[in-house]
1. So what are the ³J(HN,Hα) numbers for the stretch 114-131, from phi and the Karplus equation (6.51, -1.76, 1.60; θ = phi - 60°), rounded to whole Hz, Gly and Pro as x?
2. Which of the listed residues, 91, 65, 181, is farthest toward the dipole's positive end in the chain, when Lys, Arg count +1 and Asp, Glu count -1 at the beta-carbon?
3. I need the calculated FRET efficiency for the pair residue 191 and residue 57, taking r as the beta carbon distance and R₀ as 41 Å, to the nearest 0.05.
4. In nm, give the distance between the simple-model label positions of residue 28 and residue 155, each being 7 Å from the Cα along the Cα-to-Cβ direction.
5. Kindly express, to the nearest 10 degrees and within the range 0 to 90, the angle between helix 265-285's C-alpha long axis and the longest C-alpha principal axis of the chain.
6. Assign unit charges at the C-beta atoms only (+1 for Lys and Arg, -1 for Asp and Glu), then state the dipole size of the stretch 64-186 relative to its Cα centre in Debye, rounded to the nearest 20.
7. Run lengths n ≥ 4 of DSSP H only: what is the helix-derived mean residue ellipticity at 222 nm for the chain, with -39500 (n - 2.57) per run over all residues, to the nearest 500?
8. Let's see if you can work this out: charge +1 on each Lys and Arg Cβ, -1 on each Asp and Glu Cβ, no other charges. What is the dipole magnitude of the stretch 203-271 about its Cα centre, in debye to the nearest 20?
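Each value in this text was obtained by applying a stated rule to the coordinates, not by laboratory testing. Bear in mind that the values here come from a model prediction, so they are computed numbers and not experimental data. Because the Cβ atoms are built from the backbone with ideal geometry, glycine has one as well, and the counts that use them run over all protein chains shown.
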Amino acid sequence: MTATSALASVNPATSDAREPAPAGRGPALQRGILRSPVYLALAIASVISILPFAWMVIASTHQTSDLFGTPLPMLPGGELWENLARLQESVNFSRVMFNSLAIAVVYTVFSSIVSIMCGYGLATYRFRGRGVLLGVVLVTMMIPMQVLLVPLFQMMASVGWIDTYQAVILPFLANAFGIFLMRQGFLDFPVSLIEAARIDGANELRTFYRIVLPVARPQIAALVIYTFISQWNAFIWPLLMLNTEDQYTVPVALNTMIGMSRVDYSGLMLGSLLATLPLMLLFLVFQKQFVSGLLGGAVKG
């Protein structure tokens, strides 16, 4: 044993000092310093994006007169239950929440089925005019909703569906974005598996249900979340179709709280808060599937 090694074994501090620094610590620290402005900007943007929701929470617990006082309330108040009782009395909020939930669930189920089947057909089957059909589907995404209101209203009136839920649900079951999303997801599916299932004697429905659908779960989850949120927030079409207060959806019912001379802002804020909570819960629970489903098919190997 040399003298140097013996000294190192006796003096641990000397031994630790002579050990090389862990590799990568320096570059990682430099990357962190370089990215710190980006992190700071993201933190500021996050705070700014949260402020409207925080103000909605605060405003829903105060009286309307308090919201226009000086200074503005910065903390929650004690009028939450009074505002909730007034909201229930003015628009029957529990009923309209049920209406919105029922319409959104039914629409999501059937619209998702249409989108999945159409997307699978456009991605898997080879037929003449497939590219033209896909182009037509994409072009429909560019048509403004306002252009469709008059002809659709006339169609619903001609069949006697005004003030009915089927008039709200049926005209928009074929969702162009949902079809395109599912097509992009099914493009990554290996066709060889489908051909092998056909050789083994499986029919098209069994092949689709047992082989294709389990692989497409992330895209289906993203489609379900997007479809539910879009229908839950729909306003213009339900406003035109529904005339009975007991059949209103949440956005339509909240719109009736805006009067000509007086607006119950605290009740309006509370209703908006309660209408937002289910969407936030849905997104938080299925956030991973939503992001992976939207990114599916975006990068081709």
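1. 4, 5, 5, 5, 5, x, 5, x, 6, 8, 9, 8, 9, 8, 5, x, 5, x
2. Positive-end residue among those listed: 181.
3. Here the calculated transfer efficiency is 0.20.
4. Each label point lies 7 Å from its Cα, and together they span 5.9 nm.
5. It is inclined by approximately 50 degrees.
6. In total the dipole reaches around 940 debye.
7. So the calculated ellipticity at 222 nm is -22000 deg cm²/dmol.
8. The dipole of the stretch 203-271 has a size of about 380 debye.
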